[in-house]
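A.B. asks: Please see the structure below; I have some questions.
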Amino acid sequence: MQLVIDREYLREAVAQADKAVSSRTTIPILSGILCTLTENEFILTGSDSDLSIRVTIPREIDDNKVFKVGKLGSIVLPAKYFTEIVKKLPEGQVEIEVKDQSIVHIRSSHSEFQLNGLDAQEYPRLPYIEENKVLTLPSHLFKNLIRQTSFAVSTQESKPILTGVHCALKHGELKLVATDSHRLSQRIVKVETDESLSFENVVIPGKSLAELQRILIDEDKPIEVVITNNQILVKTERILFFSRLLDGTYPDTERIIPQKSQAEITLNTKSLLQAIERASVLAKDGKHNVQLTSAEQTIHISSNSPEVGRVAEEVHVNNMVGDGFKIAFNAKYALDALRVIDSEEVKIEFTGSMSPLVLRSLDDQQLLQLILPIRIYENV
Amino acid sequence: MTHRVVFLADMQSFYASVEKADHPPLQNKPVIVSGDPKRRSGVVLAACPLAKKWGVQNAERLWEAQQKCPQAVIVRPRMQRYLDVSIQITNILNRFTDLVEVYSVDEQFMDVTASQRLFGDPADIARQVQETIMRETGVYARIGIGPNKILAKMACDHFAKKNKTGIFQLDHTNMQRNLWPLPVDKMFGVGSRMKRHFQRMGIRTIGHLAHFPLSVLKKKWGINGQVLWQTANGIDHSPVSVKTHDQQKAIGHHMTLPRDYETYEEIRVVLLELSEEVARRSRRKHYMGNTVSVGVRGADFEWPTGFYRQLKLLGPTNFGLDIFKAAEQLFRTHWDGLPVRSVGVTLSQLQPANSYQLSLFDNQLKKENLNRALDAIYAKFGPTAVIRAASLTEAGQVFDRSQKIGGHYK
Amino acid sequence: MQTTMMNPRIKQWVINMTRNKRIAHAYLFVGKKGAGKKQAALFFAQALFCAEKNDGQPCGKCSHCLRISHFNHPDVHWVQPEGQSIKIEQVRHLQKEFAYRSMETEQKVYVIEAVEMMTSQAANSLLKFLEEPHPGTVALLLTDNHRELLPTIVSRCQQVPFPPPDQRNLSRQLAKAYDASLAHLAAQVTSIWEEASALCQAEWFAELKELVIQLTEEVAQPSNQPLFLILDRWLLIAPEKDQTDVGLDLLLFWYKDVLYTKLQISEALVFHEERDRLHKQALAWTEERLTQGMTAVLNAKRKLQAHVHPQLVLEQLVLKLQRRA
C-alpha cells in the first residue's frame, strides 16, 4: 500500500476512527486502526468489537484531489502511535508506504516515521450494506429519536437486555422503546420505506447510541440504516457506524402501556418542569420523591423531607378531564421525560395509583413517557 | 451548659437473676441457665453469682460447668421472659428520664442530666434506680456514672461491678487515679490483637495510651486510632439516643442446624425458611430491604470454612421469595460443597415499607396481597399455620424454631 | 515450541462432534498441566469456525483458523488468569460478552483457562451463563484441578478428561540436556517442557531435593534442632510459595517411594538412585503411618494454596510428621 494524502483530511478521519478504539481490548488486533486503500477511497476503521467506526476519504472532494494512489493494499497500524503521529505532523502532504514485512513508513516534508504494522487479514470482517434492506431517514430525525428514548435505558447489568433501546420496523412505522423497569420512553415515527421491510427484537446498546448521537449531525441529509443478524449499521456521508446488538428477547412492552385513563390534564411543559425542579431541591439521599395532587384549575406539587423541610408548588392547568387524583413519583424520572418533550404543552394521563403515569407530547401523540409511581400507604 | 450525667445500668447475671426472681426456691442455690443439652447449643448462657463462686463461667460447655458445680440447678432459657423483663426495666428507667438507650438485653444507658432537680444528685438517682429495679424485678443492677457513655461504661465494668454498693462514678477528676493504671486491654474497644500492637509500641496501660501522641495513632489506624485515644482520655460526644433500638439497620435470622447438612437440597429448605422468617419480621416492623446477605459456617472446626456474602436487589422488598431467590443465588455461588453447621439470612439497607418505587415488570400488587393474607393467618393462628411444603421434609426446621427465641426455648 | 502432541483420541472426539453438530453448551477440559488442553481448545474452536474443513479437520490456514490461533478472532474469547486469579475486570468483560450477540459469525466460543482460579463473583456470572445457555454459544473451561471448582459449575458441564502427558518421553528429552536424575524428578513435578527445563537448571531445585531427603531422615530423630535448620535453609533458597509447593511435591514422591520400597514395587520409583536411603526408611515406617504422612503433605499443599504462609505450613507439617514417624 502506498499513497500521498493531505494531512488535514487524514488527521480528521483518523481521529474519528480512533473513537471506537479501546486501549483495553482483549483482542490484540483491535488495538490498531485498519487502513484500506482502493482505487477511489482511503478507508480507516477502528473498533472495540462492540462498536466500530469506518471513515471513508474519497479521492476527490469538491473537485479537489485529496490523495494520490501509489499502490493498493491494506494494513493495520497501532492506533496509539498512528493518531499521535498524524496529529503532530506538519500541514501539507503525507506519504504512507507499506514496505516488506509490514514496516510502514510515514513521511512528511521533514520527518519520517517507521511503524510496525499488523496483517490486515487478522482484522474482523464487518458486515456490508445490502441495498434492498436499507431504511432511509433524515439524520436529525434519527438523532432526535435516540435523544428522546435512550436516556431511559437501564444501567443495571443484572438485566442486560434493558441496557439497550428496542427498535422495530413494521408497516412503515419505526418504533424505539427504552425502559429501566421504573419508567419507559417510546416514540413511533412514519418512515418512507419499502412496505415489505420489517424487523423486530433489535436491541441496540445504550452505550453505542450515545456515541452515535454524537456522530449524527442535526441536519436534513438522509442517513441509511441497515440491520443484520448481529449488528446495526448507520451510514452517513463519510462515516459508517456499526454496533453489535444485544442478545436475548426484549420484554413485550405493548401490554404495559395503559389504554384507558381515569383523568387527563394538559399544562404548560416548561412550567411543570420548573415546578418539579424546584420541588426536588429538598430531595435527600438521591430520593427525589414528589407528590402531585390535582385540583380544579391547578395541580399541586409538593415534596417533604422530614429532616430538611417541605416545599409546595402550584401549576396552572389548561384543561382537565376526569376525576381528581393524587400520585407520588421520582422527580428525576419526570424531569428526564419532560426535557425530551419539545412541545409547548404536555398531556398527563392518570391511570391509577399503582399504574403508570403517562406523559405525551401534544404535538406528537406518538411520543410517550411512562413513569411508575411510588407506592404510598396512608395507613401505616 | 451543665455537665452531662450519663448512667450505664448493667443487670447482674441477668438470665439467672430473672429465673431466681421467678422461682423463689432457687434463691439460695447455684443456678445455671443453659441451652438444650441435646443440641449443640449446650453451653452456659448465664450463671448466678453462687454458681460463679464454684468457677462456672459464661459460654463454657454445660458438662464442664456441671463437673465444677454438680449441685447447680440447670434451667432452660426462656428468652421471651428475659426480653419482657428487659422492657420492664426500660420502663422503670423511663420514669427517671426520657433518654434511655437499650444497649443490649442487660445493659441500658440513660442520660439523667436534666433529672437532677427532680431526683437529686447522680449518686442519689443511681441508688433509687437500683432499688426500684430490685423491688420490681428482683434483679440487681450495677450502675456506672460518667460525664458520657464511654466513661459510664468503664465505670460500670471496672468499678461498679466490683464494689459493694454497685455504683461508681468515673469522671475527668478521678480518671487518672482509677482508670489510667489499668492494663490497656481493659479498655473498651481494645482486643487481644490491638493489645499486642500497643505493647509493641510500649503502651501497656490506659494512661500510656492517653498520653501517646494522637498524630501517630491517627496515622497508623486512622479514625479508629483517634477513637481509641479519645476513649483513653474519656472523651465521647455520642448522645444517649433513644433511636438505636428503633432504627434498625438489618433484620436477620441465623440458626445452628441440629446436624450437619450436606446436600444443596437440604440447605435450600433452611434458606427458604429463614427467608420467609426474615420477610415476615420485616413486614411486622414495616420495613423493606434492598440487600440480602447469607452467612454460612462449615462443620469442620479444624478446617474452618464458610462465607458471608451480600447481594444488592433490584428494588426494595419484604417478600419471602424475593429474599430467598437472592439468598439461594448467593449460597449456590459461594458454597464450597462442604457440610454446613449453621446458616443465616439477613435483609439490610432497610427503608420504611410505606413508600417504594413500583416496577413495570414486577407484580408488586400481587405480592402485597399475598403478604397481607399470610400475615393475617400468622397473626391469628401462629407462625406454623401456613408453611412451605419443603418444611415437611426432614431438613425443615420451622416447627422446632417456632418454639424458640434466639435459638433458645421461650 | 510445540512440546506436546495433541492426543489423537481427543482430536477424533472434536472432529466427530463438530461434524455431527451435536455440541453441548459447555465442556470442562480436565487434565494435568501439559496434557494439551489449550491446544485442544484451539482445535475445537477452529473445527467450529473453519470454512475449509477437510474430512472434519480444520485447515489451519483460512482466515478463521489463523485468527483463532493468534487470539484475534472476534467471536472466540480467551480468558486467562492474571496472576493468582481471574480478575474482576475480566469478569466484567465476560459478563458484557454474554449480553451481546456475536460480531462476525453466528456462533461464539469462550475459553476460560485455569477456571478454578475464578473468584466466586466471577464464577457466579459464569454460572448464570451455564444455566441459561444461548444457542450458538459454547464455553470451554480448562482446569487441572476440578475439585476446587464449584460443584454447581462442574455439574453443568460435560466433562472431558485428558490423559496425563507422557512423562517418560519428557524425562528422556530432558536427560539429553541436563543431569539425568534431576531430569527424571523435574518431569514428575511438571509436564510442561519449559517449566521442567527451568527446574533442571535451577540451583534451588537441586538443593531442595537433597534437603527434602534430609528432612525425612531427621523427622525420625528425637531432636528438633536440625529439623528447623533444614526448614530455615529451605525457606532461604526457595522463598516463593510456588517453590515450596514443588518441595512438597518432592516430599510426597519420597514417601510414595518409601511405600513402594516397602511393598517391593521397585520399577516406578522416582528417587531410584537413592535406593539405600529408601530401604533404610522403609524399615522404620508402617504402611498406615506412611499414608497418614502423605495425607499430611497433601493437606499442607492445600493450606499453601489457601495462602497460609509457607513457614507456618512447613513447621506444622514437620510437627505432624514427627508424630507419625
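The values are calculated or read from the model by the stated rules, or taken from the named source; none is laboratory data. Small disclaimer: the values here were computed from a predicted structure and weren't measured. Every residue, glycine among them, receives a Cβ derived from its backbone with ideal geometry; neighbour counts consider all protein chains shown.
A.B. asks: Is it true that some residue in region B:270-290 is touching a Gly at 6+ places or on another chain (Cβ under 8 Å), farther than 25 Å from A:GLN156 by Cβ and within 14 Å of chain C (Cβ to nearest Cβ)?
C.D. replies: Within region B:270-290, none of the residues are touching a Gly at 6+ places or on another chain (Cβ under 8 Å), farther than 25 Å from A:GLN156 by Cβ and within 14 Å of chain C (Cβ to nearest Cβ).
A.B. asks: Oh, and also: Please verify whether B:MET201 is closer than 30 Å to B:TYR308 by Cβ and aliphatic (A, V, I, L, M), treating the condition exactly as stated.
C.D. replies: So B:MET201 does not fit the description; no.
A.B. asks: Within region A:12-39, which residues are touching an Asp or Glu at 6+ places or on another chain (Cβ under 7 Å) and facing chain C (nearest Cβ under 10 Å)?
C.D. replies: A:THR25, A:ILE29, A:LEU30
A.B. asks: Looking only at region A:222-263, which residues are among the β-branched types (Val, Ile, Thr) and either on the phi > 0 side of the Ramachandran plot or part of a loop (DSSP other than H, G, I, E, B) (or both)?
C.D. replies: Correct list: A:THR228, A:THR236, A:THR249, A:THR253, A:ILE257.
A.B. asks: Let me ask another. Could you tell me which numbered condition A:ILE53 fails, if it satisfies all but one of (1) within 14 Å of chain C (Cβ to nearest Cβ); (2) surrounded by 14 or more Cβ atoms within 10 Å (Cβ to Cβ); (3) under 21 Å from C:THR105 (Cα atoms)?
C.D. replies: For A:ILE53, the failing item is (1).
A.B. asks: Criterion first (closer than 24 Å to C:ASP179 by Cα, hydroxyl-bearing (Ser, Thr, Tyr) and not in a helix (DSSP H, G or I)) does C:SER266 satisfy it?
C.D. replies: yes
A.B. asks: In the set A:GLU157, A:GLU131, which member is more than 30 Å from C:ARG92 (Cα to Cα), modelled with pLDDT under 95 and charged (D, E, K, R)?
C.D. replies: The match here is A:GLU131.
A.B. asks: Against the conditions (1) of a type in the set (D, E, K, R); (2) within 25 Å of A:GLN365 (Cβ to Cβ); (3) assigned to a loop (DSSP other than H, G, I, E, B), where does A:GLU157 fall short? Just the number, please.
C.D. replies: (2)
A.B. asks: Look through B:LEU330, B:LEU374, B:LEU370, B:LEU321 and report the one residue that is assigned to a helix (DSSP H, G or I), within 14 Å of chain C (Cβ to nearest Cβ) and modelled with pLDDT of 85 or more.
C.D. replies: B:LEU330 is the lone residue from the list that is assigned to a helix (DSSP H, G or I), within 14 Å of chain C (Cβ to nearest Cβ) and modelled with pLDDT of 85 or more.
A.B. asks: Would it be correct to say that A:GLU173 is loosely packed, with under 15 Cβ neighbours inside 10 Å and either within 14 Å of chain C (Cβ to nearest Cβ) or within 21 Å of the chain's Cα centre (by Cα) (or both)?
C.D. replies: Judged against the criteria, A:GLU173 is a match.
A.B. asks: Does region A:61-70 contain at least one residue that is of a type in the set (S, T, N, Q) and either touching a Lys or Arg at 6+ places or on another chain (Cβ under 6 Å) or closer than 30 Å to C:PHE71 by Cα (or both)?
C.D. replies: Scanning region A:61-70, I find no residue that is of a type in the set (S, T, N, Q) and either touching a Lys or Arg at 6+ places or on another chain (Cβ under 6 Å) or closer than 30 Å to C:PHE71 by Cα (or both), so the answer is no.
A.B. asks: Moving on to the next point. Looking at C:LEU263, C:LEU269, can you tell me which residue is over 24 Å from the mean Cα position of the chain (by Cα), surrounded by fewer than 21 Cβ atoms within 10 Å (Cβ to Cβ) and farther than 20 Å from C:VAL313 by Cβ?
C.D. replies: The conditions single out C:LEU263.
A.B. asks: Report the residue count in region A:327-364 for those that are under 22 Å from the mean Cα position of the chain (by Cα), surrounded by fewer than 21 Cβ atoms within 10 Å (Cβ to Cβ) and of a type in the set (Ser, Thr, Tyr).
C.D. replies: Counting residues in region A:327-364 that are under 22 Å from the mean Cα position of the chain (by Cα), surrounded by fewer than 21 Cβ atoms within 10 Å (Cβ to Cβ) and of a type in the set (Ser, Thr, Tyr) gives 1.
A.B. asks: Has region B:298-307 got any residue that is at pLDDT 85 or above and either among the acidic types (Asp, Glu) or within 29 Å of A:GLU157 (Cβ to Cβ) (or both)?
C.D. replies: no
A.B. asks: Please go through region B:207-243 and pick out each residue that is over 30 Å from B:LEU93 (Cβ atoms) and in a loop (DSSP other than H, G, I, E, B).
C.D. replies: B:PHE212, B:PRO213, B:GLY222
A.B. asks: Out of everything in region A:252-286 that is of a type outside the set (A, V, I, L, M, F, W, C), within 14 Å of chain B (Cβ to nearest Cβ) and in contact (Cβ under 8 Å) with a residue 12 or more places away in the chain, what residue ends up being farthest from A:VAL165 (Cα to Cα)?
C.D. replies: Looking at the filtered set, the residue picked out is A:LYS284.
A.B. asks: A follow-up question, please. Name the single residue that is nearest to A:VAL153 (Cα to Cα) among those in region A:178-201 being over 20 Å from the mean Cα position of the chain (by Cα) and among the polar types (S, T, N, Q).
C.D. replies: A:SER198
A.B. asks: Can you report the number of residues in region A:311-363 which are in a strand (DSSP E or B) and small (Gly, Ala, Ser)?
C.D. replies: 4
A.B. asks: Let me ask something else about it. State whether one or more residues within region C:191-205 are surrounded by fewer than 17 Cβ atoms within 10 Å (Cβ to Cβ) and over 20 Å from C:LYS33 (Cβ atoms).
C.D. replies: Yes; the residues of region C:191-205 include at least one that is surrounded by fewer than 17 Cβ atoms within 10 Å (Cβ to Cβ) and over 20 Å from C:LYS33 (Cβ atoms).
Table: residues versus (1) within 20 Å of the chain's Cα centre (by Cα); (2) within 12 Å of another protein chain (Cβ to nearest Cβ).
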{"site": "A:PRO124", "(1), (2)": "no, yes"}
{"site": "A:LYS133", "(1), (2)": "no, no"}
{"site": "A:LYS143", "(1), (2)": "yes, no"}
{"site": "A:ILE146", "(1), (2)": "yes, no"}
{"site": "A:ALA152", "(1), (2)": "yes, yes"}
{"site": "A:GLN156", "(1), (2)": "yes, yes"}
{"site": "A:LYS159", "(1), (2)": "yes, yes"}
{"site": "A:ALA168", "(1), (2)": "yes, no"}
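A.B. asks: Quick test for you: out of A:THR83, A:THR36, A:THR26, pick the one residue that is surrounded by fewer than 22 Cβ atoms within 10 Å (Cβ to Cβ), part of a strand (DSSP E or B) and not acidic (Asp, Glu).
C.D. replies: A:THR36
A.B. asks: Look at region B:347-363 and say how many of its residues are free of Cβ contacts under 8 Å to residues at least 40 places away in the same chain and either within 7 Å of chain A (Cβ to nearest Cβ) or farther than 23 Å from A:LEU162 by Cα (or both).
C.D. replies: Qualifying residue count, region B:347-363: 4.
A.B. asks: Pick out, from region C:96-192, the strands (runs of 3 or more DSSP E) lying fully within it that include 1 or more residues that are among the basic types (Lys, Arg) and within 14 Å of chain A (Cβ to nearest Cβ).
C.D. replies: C:108-112
A.B. asks: Only one residue in C:THR291, C:THR295, C:THR244 is under 28 Å from the mean Cα position of the chain (by Cα), in a helix (DSSP H, G or I) and crowded, with 20+ Cβ neighbours inside 10 Å, so which one is that?
C.D. replies: The conditions single out C:THR244.
A.B. asks: Tell me whether region B:131-152 contains one or more residues that are under 30 Å from B:PRO213 (Cα atoms), small (Gly, Ala, Ser) and in contact with a Ser or Thr (Cβ under 9 Å, 6 or more places away or on another chain).
C.D. replies: no
A.B. asks: Which numbered condition trips up C:GLU82, out of (1) surrounded by fewer than 16 Cβ atoms within 10 Å (Cβ to Cβ); (2) within 10 Å of another protein chain (Cβ to nearest Cβ)?
C.D. replies: Of the numbered conditions (1) surrounded by fewer than 16 Cβ atoms within 10 Å (Cβ to Cβ); (2) within 10 Å of another protein chain (Cβ to nearest Cβ), the odd one out for C:GLU82 is (2).
A.B. asks: Hey, among A:VAL21, A:VAL4, A:VAL69, A:VAL55, which residue is within 12 Å of A:ILE106 (Cβ to Cβ) and touching a residue at least 40 places away in the same chain (Cβ under 8 Å)?
C.D. replies: A:VAL4
A.B. asks: Right, another one. Within region A:120-129, which residues are in contact with a strand residue (DSSP E or B) (Cβ under 7 Å, 6 or more places away or on another chain) and assigned to a loop (DSSP other than H, G, I, E, B)?
C.D. replies: Answer for region A:120-129, where residues must be in contact with a strand residue (DSSP E or B) (Cβ under 7 Å, 6 or more places away or on another chain) and assigned to a loop (DSSP other than H, G, I, E, B): A:TYR123, A:PRO124, A:LEU126, A:PRO127, A:ILE129.
A.B. asks: Let me ask something else about it. Could you please find all residues in region A:182-219 being in contact (Cβ under 8 Å) with a residue 40 or more places away in the chain and part of a loop (DSSP other than H, G, I, E, B)?
C.D. replies: A:HIS182, A:VAL191, A:GLU192, A:THR193, A:ASP194, A:LEU197, A:LEU216, A:ILE217, A:ASP218, A:GLU219
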